[in-house]
Amino acid sequence: MVRSIGKLAGKTTRGRRAPRAAGALGLAGLLFGLAGPAAAQQVALLQGLDKITARISTFEAPIGEPVRFGSLEIVARACDKRPPEEPPESAAFLEITDFRPDSDAVKLFTGWMFASSPALSAVEHPVYDVWVIDCRKASSSAAVSAEGN
């Protein structure tokens with residue numbers, strides 16, 4: 001959706017240029033979950049590692065909804081996957097907060113994570129690692145719950 005808006009921005013329409021703000025509005029809508037019902041069905045497929053038990057969990061994070069992985073709360077704000085004719089890449093904009101029972105919530109990470117380069121923007125936590133696997137439409141079955149792992 002953002003790609004099509006971006007391609008239209010700046011093209012000539014009846015002797016006038018289309019506003020470039022359309023691309024910025026489309027990107028802001030995607031980042032903050034305002035892109036409509038189609039965006040609400042998209043999920044970020046994530047994996048998490050519990051370094052204490054050495055267990056890897058795969059779970060879905062619906063756009064705009066908090067998901068728990070151990071003491072971490074993960075909110076995927078956007079997920080982007082390149083079309084098949086381009087080199088493969090999936091990226092998600094994530095907000096990760098650590099909720100510990102003995103202290104206040106700590107915001108650990110806010111930014112883009114790329115599936116092809118997980119170490120480029122990694123979560124720094126002593127117990128958990130989280131990384132992006134893919135972006136896709138929500139599955140019809142319930143998402144794999146990683147809470148309590």
Counting just the residues of the range 95-106 that are under 15 Å from H125 (Cα atoms) and not hydroxyl-bearing (S, T, Y), which one comes out modelled with the lowest pLDDT?
R100
Before we move on, is E85 of a type outside the set (S, T, Y) and closer than 25 Å to V127 by Cα?
no
Could you tell me whether the range 71-79 includes any residue that is out of contact with any strand residue (DSSP E or B) (no Cβ under 7 Å at 6 or more places or on another chain) and among the charged types (D, E, K, R)?
no
If we ask which residues in the range 79-128 are in contact with a Lys or Arg (Cβ under 9 Å, 6 or more places away or on another chain) and more than 20 Å from Q42 (Cβ to Cβ), their number turns out to be 8
Does the range 83-92 contain any residue that is surrounded by fewer than 13 Cβ atoms within 10 Å (Cβ to Cβ) and polar (S, T, N, Q)?
no
All positions within the range 107-119 that are over 12 Å from E89 (Cβ atoms) and modelled with pLDDT of 90 or more:
K107, L108, F109, T110, G111
Evaluate the following for I74: is it under 14 Å from the mean Cα position of the chain (by Cα), modelled with pLDDT of 95 or more and in a strand (DSSP E or B)?
yes
The lone condition E124 fails out of (1) over 16 Å from G48 (Cα atoms); (2) exposed (fewer than 11 other Cβ atoms within 10 Å of the Cβ) is (1)
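The values are calculated or read from the model by the stated rules, or taken from the named source; none is laboratory data. Computed from a predicted structure; not experimentally measured. Glycine also receives a Cβ, built like all others from the backbone with ideal geometry; neighbour counts cover every protein chain displayed.
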